[in-house]
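What follows is a short report on a single structure.
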Amino acid sequence: MAIDIRHTDKVGAALLVALSAGVFVASRDFPSGFGETPGAAFFPRVIAATIALLAAVLLVRSVVARDPRTHSVGTEAVVRFAVPAGFLLAYVLVMPAVGFVLGTLGFLVGLMWYSGVRRLRTSVPLGVAIAVVLHYVFRAFLRVPLPEGSVVSLSEFLPSLPLVLGVA
């Protein structure tokens, strides 16, 4: 069973503008920075403004074209969207309990399995490497507090960055 959705460019543009507005609202409490140094609100707002600008271009193009695009959405497309969205929702819900590192590892291995990577010898080391690198990037370089995990916490077993780099 398929559903035909008309005016998809207009609907998409409206949704992207709504997303951009949501990012602006969500970032209103972020620090704006000191002096010439951009704060935490700078990059999300630049990206949101760019998305809104491109959405406006898409909207104008779709109105000028006067040819409403129609897409047929079938069950397979819904499943292809719903499963990764479900993985993402589970990741967000589980992360406070298991922490960033273990939650990210589970998310990545599960998503790789869904995407067709069936060999655990490939997906697990890759997931571990990505989770650990992201942990160090967010915690040490960007100084973003990450969930430790109320039940399980692997981040406490990771060495501090100066020890990893061999810098005293």
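Given the condition of a type in the set (Asp, Glu), farther than 30 Å from Asp4 by Cα and either touching a helix residue (DSSP H, G or I) at 6+ places or on another chain (Cβ under 6 Å) or assigned to a helix (DSSP H, G or I) (or both), answer yes or no: does some residue in the range 66-80 qualify? No; the residues of the range 66-80 include none that is of a type in the set (Asp, Glu), farther than 30 Å from Asp4 by Cα and either touching a helix residue (DSSP H, G or I) at 6+ places or on another chain (Cβ under 6 Å) or assigned to a helix (DSSP H, G or I) (or both). Answer with yes or no whether Ser72 is touching a His at 6+ places or on another chain (Cβ under 8 Å) and of a type outside the set (Phe, Trp, Tyr). It is false that Ser72 is touching a His at 6+ places or on another chain (Cβ under 8 Å) and of a type outside the set (Phe, Trp, Tyr). Output the residues belonging to the range 103-131 that are over 17 Å from the mean Cα position of the chain (by Cα) and part of a helix (DSSP H, G or I). The answer is Trp113, Tyr114, Leu120, Arg121, Thr122, Ser123, Val124, Pro125, Leu126, Val128, Ala129. Among the residues of the range 64-105, those identified as small (Gly, Ala, Ser) and surrounded by 14 or more Cβ atoms within 10 Å (Cβ to Cβ) are Ala90, Ala97, Gly99, Gly103.
Against the definition (polar (S, T, N, Q), surrounded by 14 or more Cβ atoms within 10 Å (Cβ to Cβ), without any contact (Cβ under 8 Å) to a residue 60 or more places away in the chain and not assigned by TED's automatic domain parsing to the domain that holds Arg143), how does Ser32 come out, yes or no? In short, no.
Hey, can you tell me all the residues within the range 45-63 that are surrounded by 13 or more Cβ atoms within 10 Å (Cβ to Cβ) and either closer than 12 Å to Ala21 by Cβ or of a type in the set (Ser, Thr, Tyr) (or both)? Result: Arg45, Ala48, Ala49, Ile51, Ala52, Ala55, Ser62.
One residue stands out in the range 106-121 among those that are among the aliphatic types (A, V, I, L, M) and buried (at least 18 other Cβ atoms within 10 Å of the Cβ): the one that is farthest from Val94 (Cα to Cα), namely Met112.
The values are calculated or read from the model by the stated rules, or taken from the named source; none is laboratory data. All values reported here derive from a predicted model rather than from experimental measurement. Glycine also receives a Cβ, built like all others from the backbone with ideal geometry; neighbour counts cover every protein chain displayed.
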